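Visitor: Encoded as structure tokens, here's the structure I'll be asking about.
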Amino acid sequence: MTKFAVPDMTCGHCEATVTKAIKEMDPLASINADLATNTIKVVSSQETNKISAALEQAGYPSTIID
């Protein structure tokens, strides 16, 4: 599981876009978004940097949280 800070994810539409971006690269990914803290938790077989790149391409730059 990797946790990402996604500061620009502020509404349901943003959450849907972020989820879609990850699911397009890994349909089996498990995604838990928290709009209150602007974070997502992702369980995926894809590399973390590829997930970050997909989020950035969708317009939602992110930072990995330890």
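Visitor: For ASN32, work out the one condition from (1) in a strand (DSSP E or B); (2) in contact (Cβ under 8 Å) with a residue 12 or more places away in the chain it doesn't fulfil.
Guide: Status for ASN32: all satisfied but (2).
Visitor: LYS23 - would you say it is under 10 Å from the mean Cα position of the chain (by Cα), assigned to a helix (DSSP H, G or I) and over 11 Å from TYR60 (Cβ atoms)?
Guide: yes
Visitor: When you scan region 36-50, how many residues do you find that are of a type in the set (Ser, Thr, Tyr), in a loop (DSSP other than H, G, I, E, B) and touching a Ser or Thr at 6+ places or on another chain (Cβ under 9 Å)?
Guide: Residues meeting the conditions: 1.
Visitor: Restricting attention to region 19-66, which residues are within 11 Å of PHE4 (Cβ to Cβ), aliphatic (A, V, I, L, M) and either in contact with a Leu (Cβ under 6 Å, 6 or more places away or on another chain) or surrounded by fewer than 17 Cβ atoms within 10 Å (Cβ to Cβ) (or both)?
Guide: ILE64, ILE65
Visitor: Filter region 37-52 down to residues that are hydrophobic (A, V, I, L, M, F, W, C) and out of contact with any helix residue (DSSP H, G or I) (no Cβ under 9 Å at 6 or more places or on another chain), then give me how many there are.
Guide: So the count comes out to 1.
Visitor: Please determine, by comparing only the residues of region 9-18 that are more than 11 Å from the chain's Cα centre (by Cα) and part of a loop (DSSP other than H, G, I, E, B), which one is surrounded by the fewest Cβ atoms within 10 Å (Cβ to Cβ).
Guide: The selected residue is CYS11.
Bear in mind these aren't lab numbers, they're just calculated from the coordinates by the rules spelled out. Note that the structure is predicted; figures quoted are calculated from it, not measured. Note that we place each Cβ from the backbone using ideal geometry, even for glycine, and neighbour counts take in every protein chain shown.
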